[in-house]
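Asks: The structure that follows is given in the form of structure tokens.
We did not get these values from a lab; they are worked out from the coordinates using the rules stated. It should be emphasised that the depicted structure is a prediction, and the values quoted were computed from it without experimental measurement. Don't worry about glycine lacking a Cβ; one is built from the backbone with ideal geometry, like all the others, and counts go over all protein chains shown.
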Amino acid sequence: MHPASRPVLSGVAPGCHDREDPTVQQHALPHRHRPVRTLLAGTVAGGGLLATMLVPNAQAAENPYERGPAPTVSSIEASLGSYSVSQTSVSSSSVSGFGGGTIYYPTTTSEGTFGAVAVAPGFTATQSSIAWYGPRLASQGFVVFTINTSSTFDQPASRGRQLLAALDYLTERSSVRTGIDATRLGVMGHSMGGGGALEAAKSRPSLKASIPLTPWNSDKTWPEVRTPTLIFGAEADSVASVGSHAEPFYQSLPETLDKAYLELNSASHSAPNSSNTTIAKYSISWLKRFIDNDTRYEQFLCPIPRPSLSIEEYRGNCPH
């Protein structure tokens, strides 16, 4: 169809049904260290002297936010990435503006700060429906907050405000705040939570990435959005049909924006509530490219992916 030691962090989000919060696996793979090149400077004019200077790898110098080893198809499709992950629960009574949740974060303290992502569930669901994003994304080098909403019946505009409240808590009050770069934040959400991700991006243009997952919203046009946005639709979605939601949302985004639309082949509205390699692969690539400014991941976004057994359709522009 077209259409110091760092404290350890850990909790669970609306989709269609609840699940047990998965156990976060501890794992560690060797990280690659970027080489430092020694360059011999030319003869200094008039002095005949040779100077030696140390110049960092060009890509590292241009991008201080690059994290983790060079990506491959297998690394972004893997169930877990190269970082060991811990988690911490955040009770609803300890926060305001949203319903608490679970923070998943890389345990390393040797690579500086990480970008962060808040993820909201859909109508009537709790964070358990989106819990799989926590370890999957955190193990790739992000702090991830899967949240509960104040009420499972909250509408998209409210969910958008709650995503922003969760990010503010992460960067200002959470036990892992010192490990987060508050200038590199993103949002994700399923169903009405996906509609909320659009609302959050509209309200806070400083966000670096937004990923609505089979989103639902009564507002169909989003020309105000300035945040790079990847929208997932589902071909067989009978709750938020792509023709009434995901596709018009995508089409209404500015043409000058970094944006993409991926329609999951033969998938239902609840597809984002279960571990999904296609969703993970392109979400990781999008977050890495726009939160970490990591151009190593452009290879998975451009040229744009072709239809396949898992992709019914992909539209978008190559990252600017």
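Asks: Taking the number of other C-beta atoms within 10 Å as the exposure measure, put Phe249, Phe153 in order starting with the fewest.
Replies: With the fewest neighbours first, Phe249, Phe153 line up as Phe153, Phe249.
Asks: Same structure, new question: Of Leu185, Ile284, Pro215, whose Cα points farthest to the positive end of the dipole of segment 74-316 (charges on the beta-carbon: +1 Lys, Arg; -1 Asp, Glu; origin at the Cα centre)?
Replies: Farthest along the dipole direction, towards plus: Leu185.
Asks: How would Lys220, Lys208 line up from fewest to most surrounding beta-carbon atoms within 10 angstrom?
Replies: Lys220, Lys208
Asks: What's the magnitude of the charge dipole for segment 74-316 around its Cα centre, counting Lys and Arg as +1 and Asp and Glu as -1 at the beta-carbon? Answer in Debye, nearest 20.
Replies: On the way: 18 positive and 20 negative charges, 81 e Å.
Its charge dipole is roughly 380 debye.
Asks: Among the aspartates and glutamates, which have Cα under 16 Å from the Cα of Lys208 when same-chain residues fewer than 8 positions away are ignored?
Replies: Glu66, Asp168, Asp181, Glu199, Glu224, Asp258, Asp292, Asp294, Glu298
Asks: Taking the Cα centre of each part, how many Å lie between segment 240-278 and segment 113-157?
Replies: Between the Cα centres of segment 240-278 and segment 113-157 lies a distance of 18 Å.
Asks: For every other residue with a beta carbon closer than 15 angstrom to the beta carbon of Glu313, add +1 if it is Lys or Arg and -1 if Asp or Glu, then tell me the sum.
Replies: -2
Asks: In what order do His245, His190, His269, His320 fall by count of nearby beta-carbon atoms within 10 Å, going from fewest to most?
Replies: With the sparsest Cβ surroundings first, the list reads His320, His269, His245, His190.
Asks: Out of residues 5 or more away from Phe114 or on other chains, whose amide H comes under 5 Å of its own, with H placed 1.01 Å from N in the peptide plane?
Replies: Ile180, Asp181
Asks: Rg(Cα) of segment 254-316 divided by 2.2 N^0.38 Å?
Replies: 1.14
Asks: Further, regarding this structure: For a quick check: with amide H placed at 1.01 Å from N, whose amide H comes under 5 Å from Leu264's, ignoring anything fewer than 5 positions away on the same chain?
Replies: Those lying under 5 Å, H to H, from Leu264 are Gly233, Ala234, Glu235, Glu312.
Asks: Using Cα pairs closer than 8 Å and at least 6 residues apart in sequence, work out the relative contact order for segment 74-316, in percent. Don't skip to the answer; put the middle values down first.
Replies: Numbers: 600 pairs, mean separation 40.2, N = 243.
That works out to 17 percent.
Asks: Next up: Please work out the Cα convex hull volume for segment 74-316 and give it in Å³ per residue.
Replies: 105 Å³
Asks: In square nanometres, what is one fourth of the surface area of the convex hull spanned by the alpha carbons of segment 69-183?
Replies: Projected area, direction-averaged: 7.2 nm².
Asks: So how much slack lies between Phe153 and Ser96, counting 0.36 nm per residue of separation and subtracting their Cα-Cα distance, in nm?
Replies: 18.8 nm
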